[in-house]
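Novice: I'd like to ask some things about the structure below.
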Amino acid sequence: MKAAARSCGLHERNRLLLQTVPLRKPAAAQIASTSSSLPPGHGHGKAFNSSLAVGSIASSNPAEFATINQLETSQTFLESTSPIKQHEKLVQSGVLRRDDHQVRIIGKLQRFWEQLLKYNPPPIPEVGTSNSLMSRLFSRAPPAPESPPASAPKGLYLYGDVGTGKTMLMDLFYQTLPPSITRKRRVHFHAFMIDAHKRIHATKIAMGHSGGDPIAPVARDLAREAYVLCFDEFQVTDIADAMILRRLLEGLMNHGVVCVMTSNRHPDDLYKNGIQRSSFIPAIELLKTRFEVTDLDSGTDYRRIPRVLSHVYYHPLTPENNAEIDKIFNSLTCPTPTAALQDPVVTNRPITTWGRTLHVPLSTSKIARFSFEEICGRPLSAADYLEVTKQFGTLFITDVPKMGMDKKDMARRFITFIDACYESKTKIFISSEVPIYQIFSDESASSGKGISDHMRSVMDDLGLSPEAVGSSSMFTGDEEVFAFARACSRLVQMGSKEWAESASQ
């Protein structure tokens, strides 16, 4: 399923980003080469980690290792790669265009990167010797720290409109972190909060009727797993997130965690007009106090650079287009008789999320097919969609209708589904009643009539033309309008040849 052509800009960018990263050793070699005396977060011979949780190594002499680590870093890694050097390689290769404003942002990432090389996070004592949640909760734990360590560098909060290169900058920073920093995690903020809520829920159950604060032990466990956290697309739209966020962030930072965040909004604009927003104000103040808040907007929209479109969207719903979708699905799932035997298409494959079982109508181990009704006609959540995109790198969605007010719930779910596909770099094929960018459009909106000033402004920020994607009276609040416009923008990007060649890898 990987495209043969590998000359596209995104491939070249990723190659350069990872150019200096050492090859991953076999698991046994990693274990053999890692001394048990290294503190959590450091270890020789360990390659860069994925964006999910990272294991830690037992600590015995942090001070001695910190000295050794800093010496090795200054003598070897600093010479080989850094955010500013990698960015320059991307510019020289033509993958990126030189942007003076972006160069200034890279300078801030570079300074933060250099501070991390010298930063020795405080040890986080294990609570008990058992791995069970019950044992960790009720073992006597030392008091939680009440403030961040004095040596912890301030975090970075990078905000700007879609197309300003936020994710690229964060990935560049994360992928150039030295191998000695193993306790690191790069994650989409929405997925992080789903994980946090699961942990808090499990902690509440374990605490039982005696009660207690479930956030403190969750923050401690998260800090033990990673002391460098990179959050992509930090946003707050849910009251459940808003109510726990300040205490969770405060707990993480007090344990020595440092963060880089990207967001579409300045901290002052987070959770605007949200329910009980006054309770969220302390979280905003925390972000403004403990982070260097930086505006990424420079006037250059990298998503407006023309892309060659790939044929992954099919409309209208004709027998010819249905047959084309069937042909592509069959060619990908059964490329050879041997492959069809080794990984056959099965019906109603069960996957589990949040203790519930979701049945996938047609799938191999890597490719799945749903009708629109099957993926959006049921009350599925963002967690369900993230689980689907985690399991399958390529998804087929058929029979997507044009959506009006009578399908508003389905429209919201489809937007959430598209967000999950985008975040997971999923390859998609879709058949729809109308052009995919116009499935939410009102009849009158295609001519530009009836579009509010706010919606027009948001669409302009995202590089969208009302004539191309229309507008929708379904979406009225600030967050809904932005989510609608962003989904359209992402559908455009996910239909590009660049996306088709790089997704699901």
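Novice: Considering only protein heavy atoms and a probe of 1.4 Å, how much of the accessible area of the stretch 138-274 is carbon and sulfur, as a whole percent?
Specialist: Result for the stretch 138-274: 52 percent of the exposed heavy-atom area is carbon or sulfur.
Novice: Check which residues have an amide H placed less than 5 Å from residue 260's amide H, if you skip close sequence neighbours.
Specialist: 156, 229, 230, 231
Novice: Quick one: which residues, 5 or more positions from residue 353 or on another chain, have an amide H under 5 Å from its amide H? H modelled 1.01 Å from N in the peptide plane, none for Pro or chain starts.
Specialist: Under 5 Å from the amide H of residue 353: 358.
Novice: Right, next: At 1.4 Å probe size, with no ligands or nucleic acids counted, give the accessible surface of residue 313 in Å², nearest ten.
Specialist: About 30 Å², ignoring ligands and nucleic acids.
Novice: When each pair of different Cα atoms in the stretch 157-316 is counted once in the 1/r mean, what is the Kirkwood radius in angstroms, to one decimal?
Specialist: Final number for the Kirkwood radius of the stretch 157-316 is 17.4 Å.
Novice: In nm, to one decimal, how far is the modelled label at residue 167 from the one at residue 324, with both set 7 Å along Cα→Cβ?
Specialist: 2.6
Novice: So between residue 331 and residue 97, what do we pick up on full extension, going 0.36 nm a residue minus the alpha carbon distance?
Specialist: 80.5 nm
Novice: What accessible surface, in Å², does a 1.4 Å probe find on residue 327, ignoring ligands, DNA and RNA and rounding to the nearest 10?
Specialist: Roll a 1.4 Å probe over it and residue 327 shows about 130 Å².
Novice: Report residue 108's accessible area, 1.4 Å probe, all protein chains in place, as a number in Å² to the nearest 10.
Specialist: My reading of the accessible area for residue 108 is about 50 Å².
Novice: Would you give the gap between the C-alpha center of the stretch 310-384 and the C-alpha center of the stretch 192-257, rounded to a whole Å?
Specialist: 34
Novice: Follow-up. How many nm is it between the label spots at residue 317 and residue 205, if each spot is 7 Å from the Cα in line with the beta carbon?
Specialist: Here the answer is 3.9 nm between the modelled labels.
Novice: OK, next. If packing is taken as the average count of other Cβ atoms within 10 Å, what order do 193-203, 351-361, 411-421 fall into, highest mean first?
Specialist: Sorting 193-203, 351-361, 411-421 by mean packing, highest first, produces 411-421, 193-203, 351-361.
Novice: Turning to a different aspect of this structure: Just to be sure I understand the model, the point goes 7 Å from the Cα along the line to the Cβ. What's the resulting residue 239 to residue 345 distance in nm?
Specialist: Going by the 7 Å Cα→Cβ label model, 4.5 nm.
Novice: Using only the heavy atoms of the protein chains and a 1.4 Å probe, how would 314, 159 rank by accessible area, largest first?
Specialist: 159, 314
Novice: Per residue, how much accessible area does the stretch 162-303 show when a 1.4 Å probe rolls over the protein heavy atoms, in square angstrom?
Specialist: Per residue, the stretch 162-303 has an accessible area of 33 Å².
Novice: Once you sort the root eigenvalues of the Cα gyration tensor of the stretch 225-268 as a ≥ b ≥ c, which label holds: rounded (a/c under 1.5), prolate (a/b larger than b/c) or oblate (the other case)?
Specialist: Cα axes put the stretch 225-268 in the oblate bin.
The values are calculated or read from the model by the stated rules, or taken from the named source; none is laboratory data. Being a predicted model, the structure only gives us computed values, none of them experimental. Ideal geometry is used to build each Cβ from the backbone, glycine not excepted, and the neighbour counts take in all protein chains shown. When the accessible area is computed, the model is the full protein with side chains, heavy atoms only, and any ligands, DNA or RNA have been set aside. Shrake-Rupley method; radii C 1.70, N 1.55, O 1.52, S 1.80 Å.
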